[in-house]
Amino acid sequence: MNLDPRHSDEELWSVAEEVGLKSVVEQFPDKLDFVLEDGGYVLSNGHKQLLCLARSILSKARILLLDEPSSYLDPITLQVLRKTLKHSFSGCTVILSEHRVEPLLECQTFW
């Protein structure tokens, strides 16, 4: 329910692995059937960001709007976020509002 119940377990595991959440989901008592409480308190801020990214991948979003996605992320999760954005959203329009300079330098801009 936290990702997208319209997709098969195989698709959900695949996207969880793609965003680096597979090991986290495997630790939940009911794995993919685990229900997060409001606010997702069992997840870190980084895991919450990756969960949102996984939802976007499953929805096959063509436009992705990200507001400060790197805030509160540790360096490892930040690298996963950047890699996933490059790989999974290469054919997508990504609008990025960011306070860090490094992620913006990796973006292609068209005026």
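The values are calculated or read from the model by the stated rules, or taken from the named source; none is laboratory data. This is a predicted model, so every value here is computed, not measured. Using ideal geometry, Cβ is built from the backbone for each residue, glycine included, and neighbour counts are taken over all protein chains shown. Ligands, DNA and RNA are stripped out before the accessible areas are found, and what is left, the full protein with its side chains, is counted by its heavy atoms. Shrake-Rupley method; radii C 1.70, N 1.55, O 1.52, S 1.80 Å.
Details
- Exactly one residue out of GLU37, GLU98 is modelled with pLDDT under 80 and surrounded by 14 or more Cβ atoms within 10 Å (Cβ to Cβ): that is GLU98.
- From the list LEU58, LEU66, LEU81, the lone residue that is touching a Leu at 6+ places or on another chain (Cβ under 7 Å) and under 22 Å from ARG6 (Cβ atoms) is LEU58.
- Output for the range 1-22, where each listed residue is open to solvent by 70 Å² or more (accessible area, probe 1.4 Å) and part of a helix (DSSP H, G or I): ASP9, GLU10, GLU11, GLU17
- Whether a residue is modelled with pLDDT of 80 or more and open to solvent by 90 Å² or more (accessible area, probe 1.4 Å) was assessed, and GLN79 passes this test.
- Condition broken by VAL19, with the remaining ones in (1) touching a Gly at 6+ places or on another chain (Cβ under 6 Å); (2) over 19 Å from SER97 (Cα atoms); (3) not polar (S, T, N, Q) satisfied: (1)
- Inter-residue pairs, beta-carbon under 8 Å, first of a type outside the set (D, E, K, R) and in the range 41-56, second open to solvent by 50 Å² or more (accessible area, probe 1.4 Å) and in a helix (DSSP H, G or I), 6+ apart: ALA54/GLU18
- Pair list, Cβ under 7 Å, 6 or more apart: the range 1-18 residue in contact (Cβ under 8 Å) with a residue 24 or more places away in the chain, other residue open to solvent by less than 60 Å² (accessible area, probe 1.4 Å) and of a type in the set (Ser, Thr, Tyr): GLU18/THR84; GLU18/SER88
- Residue that is closer than 16 Å to LEU96 by Cα, at pLDDT 85 or above, surrounded by 15 or more Cβ atoms within 10 Å (Cβ to Cβ) and not small (Gly, Ala, Ser), where the choices are LEU65, LEU50: LEU50
- Pairs linking a residue in the range 86-98 that is touching a residue at least 24 places away in the same chain (Cβ under 8 Å) to a residue that is open to solvent by 50 Å² or more (accessible area, probe 1.4 Å) and in a strand (DSSP E or B), with Cβ atoms under 6 Å and 6 or more positions apart or on different chains, are THR93/ILE63; ILE95/LEU65; SER97/ASP67.
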